[in-house]
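A.B. asks: Input: one structure, supplied below.
The values are calculated or read from the model by the stated rules, or taken from the named source; none is laboratory data. Please read all numbers here as calculations on a predicted model, not as lab measurements. Using ideal geometry, Cβ is built from the backbone for each residue, glycine included, and neighbour counts are taken over all protein chains shown. The area values use the complete protein model at the heavy-atom level, side chains included, leaving out ligands, DNA and RNA. Shrake-Rupley method; radii C 1.70, N 1.55, O 1.52, S 1.80 Å.
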Amino acid sequence: MLPRSQGSDPYTWTGVKDCMRGRVTKLVVENFGLAGHIDGTSLSQLDQLRVLSFKSNNISGEIPNSISKLVNLKSLSRNRNILSGKFPFPLTSLHRLKPIVLYDNRLSGCFTSPVAVYPGLSSLSLETMMFF
């Protein structure tokens, strides 16, 4: 899904905006025209990731449950894609995660109050979702 990068130095990888001791902490791949599904297994290997943004691409499918392994994640933006399936409730186990931005996707399903589910959440953007 991501453009291929050369070498083992993460500072040279496409979309990597910040690293700490050779570990990716900020991955921003916005408006890249990316298509396909998210590989949760590969993504969960970025265990020091704090910021993740896939905004404004053509990413489809469900948000994988393995995203809950990103325990250092503080900000998640996957808005303006074509993600489907139910709201990824494993996100609520990420206690450092404050803003979750998922609007303009095709998520659906039942949803309860974000405050009741995740009291640490500072903002949750779900506009144009189909929740019932």
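A.B. asks: Report the number of Lys pairs in region 1-112 whose alpha-carbons are under 17 Å apart, with separation of 8 or more residues or on distinct chains.
C.D. replies: Number of lysine pairs found: 11.
A.B. asks: Please get the size of the charge dipole for region 24-107, origin at its Cα centre, with Cβ charges of +1 on Lys and Arg and -1 on Asp and Glu, quoted in debye to the nearest 20.
C.D. replies: 280
A.B. asks: Residue separation times 0.36 nm, minus the C-alpha to C-alpha distance between Arg21 and Ser122: what's the value?
C.D. replies: Length gained between Arg21 and Ser122: 33.5 nm.
A.B. asks: Rounded to the nearest 10 Å², what accessible area does Glu62 have for a 1.4 Å probe in the complete protein model?
C.D. replies: Surface accessible to solvent at Glu62 totals approximately 120 Å².
A.B. asks: Then there's this: 5 Å is the cut-off here: which amide hydrogens, built 1.01 Å from N in the peptide plane, fall below it relative to Lys86, excluding neighbours closer than 5 in sequence?
C.D. replies: Residues meeting the criterion, in which the H sits 1.01 Å from N, are Ser108.
A.B. asks: How big is D for region 41-82, in µm² s⁻¹ as a whole number, if Stokes-Einstein is applied with the Kirkwood radius of its Cα pairs at 4 °C and 1.567 mPa s?
C.D. replies: D = 120 µm²/s.
A.B. asks: Moving on to the next point. For region 57-96, list residues with backbone N below 16 Å from a point placed 7 Å from the Cα of Ala35 toward its Cβ?
C.D. replies: Correct set: 57-61, 81-83.
A.B. asks: With a sphere of radius 12 Å drawn around the Cβ of Pro10, what net charge do the other residues whose Cβ falls strictly inside it have (Lys, Arg +1; Asp, Glu -1)?
C.D. replies: Residues close to Pro10 contribute a combined charge of +2.
A.B. asks: Just for the Cα atoms in region 1-76, what are the lengths along the principal axes, largest first, rounded to whole Å?
C.D. replies: 32, 26, 19
A.B. asks: Can you compute 3J(HN,Hα) from phi for each residue in region 35-51, using the Karplus curve 6.51 cos²θ - 1.76 cosθ + 1.60 with θ = phi - 60°, rounded to whole Hz and x for Gly and Pro?
C.D. replies: For region 35-51, the Karplus-derived couplings read 9, x, 9, 7, 8, x, 5, 5, 4, 5, 6, 7, 5, 9, 5, 10, 10 Hz, x marking Gly and Pro.
A.B. asks: Continuing with this model, one more query. Suppose R0 equals 22 Å. What FRET efficiency, 1/(1 + (r/R0)^6) with r the Cβ-Cβ distance, do Asp9 and Asn72 give to the nearest 0.05?
C.D. replies: Here the calculated transfer efficiency is 0.60.
A.B. asks: Still on this structure: Cβ under 13 Å from Arg78's Cβ, Arg78 left aside: what net charge do those residues give with Lys, Arg +1 and Asp, Glu -1?
C.D. replies: 0
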